[in-house]
1. Go through the range 47-80 and report how many residues are farther than 23 Å from residue 154 by Cβ and of a type in the set (A, V, I, L, M, F, W, C).
2. Determine, yes or no, whether residue 33 is in a loop (DSSP other than H, G, I, E, B), touching a Phe, Trp or Tyr at 6+ places or on another chain (Cβ under 9 Å) and either aromatic (Phe, Trp, Tyr) or farther than 22 Å from residue 322 by Cα (or both).
3. Tell me which of these residue 248 doesn't satisfy, since it passes every other one: (1) closer than 26 Å to residue 41 by Cα; (2) surrounded by fewer than 22 Cβ atoms within 10 Å (Cβ to Cβ); (3) not small (Gly, Ala, Ser).
4. Quick check on my filter: what residues within the range 148-186 are in contact with an Asp or Glu (Cβ under 6 Å, 6 or more places away or on another chain), surrounded by fewer than 24 Cβ atoms within 10 Å (Cβ to Cβ) and not basic (Lys, Arg)?
5. Against the conditions (1) under 20 Å from residue 113 (Cα atoms); (2) in a loop (DSSP other than H, G, I, E, B), where does residue 59 fall short? Just the number, please.
6. Could you check residue 182 against (1) under 28 Å from residue 284 (Cβ atoms); (2) outside any helix (DSSP H, G or I) and say which number it fails?
7. What do you reckon, is residue 297 in contact (Cβ under 8 Å) with a residue 60 or more places away in the chain and more than 19 Å from the chain's Cα centre (by Cα)?
Amino acid sequence: MMLAVCVDVPGDPDNLILRNVPRPQPKDGQVLIRVHATALNRADLLQRRGLYPAPPGESDIIGLEVAGTVAAVGPGVRAGWKPEDRVMALLSGGGYAEYVAVPEELLMTVPPHLSLSQAAAIPEAWLTAFQLLHLIAEVKEGEVVLVHAGASGVGTAAVQLARLARAIPIVTAGSPEKLEMAEHLGAATGFNYKEEDFAEKVLDYTKGRGANVILDCIGGSCWANNVSCLATDGRWVLYGTMGGRTVEGDLLGKLLSKRGQLLTSLLRSRSLQYKAELVRTFSQNALPFFSDQPTTLRPVIDSMFNLEDIADAHKHMEANRNIGKIVINVTQQNQRKLSQ
């Protein structure tokens with residue numbers, strides 16, 4: 001058995017319940033991870049409310065990323081993983097638990113100087129940002145990349161990855177503190193969407209040319225400003241709808257006049273083959289830059305909660321206060337205390 005966070009009745013954060021459930025067994029080609037930490041994603045909030053169920057055949061336990069150590073290796077594993085290896089993994093579900101079984105293709109080695117709690121902040125946010133920039137938008141050197149929610153987990157990753165690609169990241173965020181963090185990470189400039197028209201500011205900054213790439217998790221409420229500040233032949237990449245799913249107005253006409261591309265992407269519902277290729281490409285081209293040098297990539301952690309405080313962690317994210325990732329530590333001490 002193991003402890004896991006369960007949702008019997010979809011709804012508020014207080015509906016999250018810790019209980020003992022059967023421990024998964026690694027199937028053919030899978031590795032069992034003893035979870036040290038997981039991290040929150042906006043998708044977790046939707047799943048808790050019953051709005052974003054796990055894909056068919058996947059664990060219905062919430063949680064899209066973990067870091068920990070290898071507990072057991074299933075039959076048919078080819079990559080040479082062995083017990084106690086430090087690993088992090090992208091999941092389709094199951095992260096809010098003491099153990100999770102993962103296809104070996106979705107595992108990554110934790111960089112030596114990072115703690116397991118830091119590593120838990122990498123898989124979902126950084127793979128999402130890498131996918132959006134390189135596989136979807138195909139960002140090029142010198143292009144201007146507008147990152148909405150620039151202080152979020154995906155946002156802080158996208159800023160750093162854009163800089164690594166020699167592009168020029170600029171951001172929107174809702175507070176001076178969030179803008180300051182984004183600029184500290186390498187954003188060329190940032191705009192407070194609550195206080196100023198970000199489209200005007202983007203056009204001013206780019207001398208009227210606009211942003212070549214827009215990474216957008218907001219959707220409906222900012223579509224007009226997005227199209228307004230999109231460069232000719234620009235790529236607007238939609239990966240969330242925090243600002244609504246409906247659009248009224250001349251979206252198609254305005255987008256057509258820019259010869260703009262509206263691209264959309266979700267990661268959780270992708271095939272294992274797609275995710276495996278993403279993990280492989282990220283591991284080759286980005287993971288080596290998570291080093292102990294001061295100018296390289298780093299996960300940004302806003303706060304840490306213990307597993308028994310998962311409801312408070314969800315409330316913290318829903319209040320939109322976090323800068324970077326919210327990490328949930330799953331420790332042996334908590335296991336002993338909660339099992340008593």
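The values are calculated or read from the model by the stated rules, or taken from the named source; none is laboratory data. Small disclaimer: the values here were computed from a predicted structure and weren't measured. As a convention, Cβ positions derive from the backbone with ideal geometry for all residues, glycine included, and neighbour counts pool all protein chains shown.
1. 6
2. For residue 33, the condition - in a loop (DSSP other than H, G, I, E, B), touching a Phe, Trp or Tyr at 6+ places or on another chain (Cβ under 9 Å) and either aromatic (Phe, Trp, Tyr) or farther than 22 Å from residue 322 by Cα (or both) - is not met.
3. So residue 248 meets the others, but not (1).
4. The one that is in contact with an Asp or Glu (Cβ under 6 Å, 6 or more places away or on another chain), surrounded by fewer than 24 Cβ atoms within 10 Å (Cβ to Cβ) and not basic (Lys, Arg): 167.
5. (1)
6. Only one criterion in (1) under 28 Å from residue 284 (Cβ atoms); (2) outside any helix (DSSP H, G or I) is unmet by residue 182, namely (2).
7. No.
Here is a yes/no grid of residues against (1) surrounded by 15 or more Cβ atoms within 10 Å (Cβ to Cβ); (2) within 24 Å of residue 172 (Cα to Cα); (3) under 20 Å from the mean Cα position of the chain (by Cα):
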{"position": "225", "(1), (2), (3)": "yes, yes, no"}
{"position": "256", "(1), (2), (3)": "no, no, no"}
{"position": "267", "(1), (2), (3)": "yes, yes, yes"}
{"position": "274", "(1), (2), (3)": "no, no, yes"}
{"position": "281", "(1), (2), (3)": "yes, no, yes"}
